[in-house]
Structure formats: C-alpha cells, structure tokens
C-alpha cells in the first residue's frame with residue numbers, strides 16, 4: 001500500500017461526515033429486510049439498530065457447531081451424516097413446511113448444517129475437495145437466498161407500494177443513511193408518505 005493510499009484512507013477516517021455516514025449505515029447493515037411494519041416480525045430493533053432475527057440465530061449456531069465438533073473430534077463419516085440430516089431439515093424449513101411459530105427451528109438446523117459442512121470440509125484435509133466444497137456451498141447459499149428473496153418479494157408485492165423499492169418507505173431510512181452528505185441527499189430529505197403501512 002503506497003503513501004498516497006494511506007493518506008487518503010486516513011483523511012476519510014478523520015472526516016466527520018464520513019464517520020457520521022458510516023455510523024448511520026452500520027445500523028442497517030444486518031437488517032437484511034425493509035424496516036417497515038410488514039417485516040417487524042423478521043428483525044430486532046434496539047435503539048435504532050436493526051438485526052435480522054434469522055441471521056442472529058443462524059450465524060452463532062453455525063460458529064458453535066463448527067467449534068463443538070472440533071472439540072469432541074467427530075469423524076468425517078458422522079460429520080457428513082449430520083450435514084445430510086440438517087440439510088434436509090433446512091430445506092424443508094425454507095420451503096415453508098415448518099410452521100412460522102417455530103421458525104427458529106429451521107434457523108438452528110441451517111446453522112448446524114453450515115457449521116458441520118465446513119467442519120467436514122476441513123476434516124478431508126484435501127485442498128481440491130475444500131475448493132470444490134466452497135463452490136458447492138456458494139451455490140447452496142445462492143439457492144437458499146433466492147427462496148428468501150422470493151418470500152420477501154411476495155410480501156412486498158402485497159404492500160401498497162407494490163414491491164417498488166425505489167419509493168418504498170421500508171427502505172427509505174437505509175437510503176437516507178446511504179446518501180447522507182452526498183449530492184443525492186436532498187432526494188431523501190423527507191419520507192414517501194410515511195405511516196401508511198400498518199404494523200403486523
């Protein structure tokens with residue numbers, strides 16, 4: 001990294017506007033949903049910070065399972081069996097066959113699936129299998145993400161904004177934070193008719 005790049009980064013960090021904008025954006029970085037009433041059941045909101053409920057359970061479970069299997073030293077065969085079982089239940093949950101009242105169950109299965117999957121990859125101690133495994137996991141993640149996107153889009157299409165995220169008030173706060181202190185700030189000075197969405 002050259003001196004010019006270091007000076008540029010340093011000036012950005014010291015810039016109050018940059019810090020202010022970053023502090024606003026980070027509040028929505030883990031929301032993964034619009035912040036309107038239709039998605040209040042999908043996110044936690046604490047003092048202006050928004051966190052996706054699913055991810056708040058899935059990621060810690062994945063980390064826990066990865067470390068737990070390493071501590072008790074399960075073998076590859078058992079690891080792959082757990083990957084298969086948790087993968088099946090994760091798929092069943094994501095296609096909506098697990099009731100929403102116990103939706104946390106599918107997140108636990110998904111977390112155990114991811115953690116055990118990666119643990120099993122490392123157990124192979126083979127670079128080629130590791131690379132292929134990462135590629136396969138990327139496709140699995142993309143498939144799961146498409147299912148979640150389809151669910152979210154369906155909810156948004158039933159809204160009065162009819163899925164138009166450009167004018168939706170659910171994304172307004174995020175966009176306001178994103179364009180703060182930029183030439184586009186004036187376009188997000190006031191919300192698009194706020195309060196029209198009823199909380200559920």
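The values are calculated or read from the model by the stated rules, or taken from the named source; none is laboratory data. Predicted model, so just to flag it, every value in this text is computed and none were measured. Heads up, the Cβs are rebuilt from the backbone with ideal geometry, glycines too, and the neighbour counts pull from every protein chain shown.
Below, the figures for the structure above:
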{"quantity": "When residues of the stretch 71-83 are limited to those that are loosely packed, with under 12 Cβ neighbours inside 10 Å and either free of Cβ contacts under 8 Å to residues at least 24 places away in the same chain or within 23 Å of the chain's Cα centre (by Cα) (or both), the one nearest to residue 120 (Cα to Cα)", "calculated": "77"}
{"quantity": "Tabulated pairs, the stretch 120-134, first within 18 Å of residue 70 (Cβ to Cβ), second modelled with pLDDT of 85 or more and not in a helix (DSSP H, G or I), C-beta under 6 angstrom, 6+ apart or interchain", "calculated": "none"}
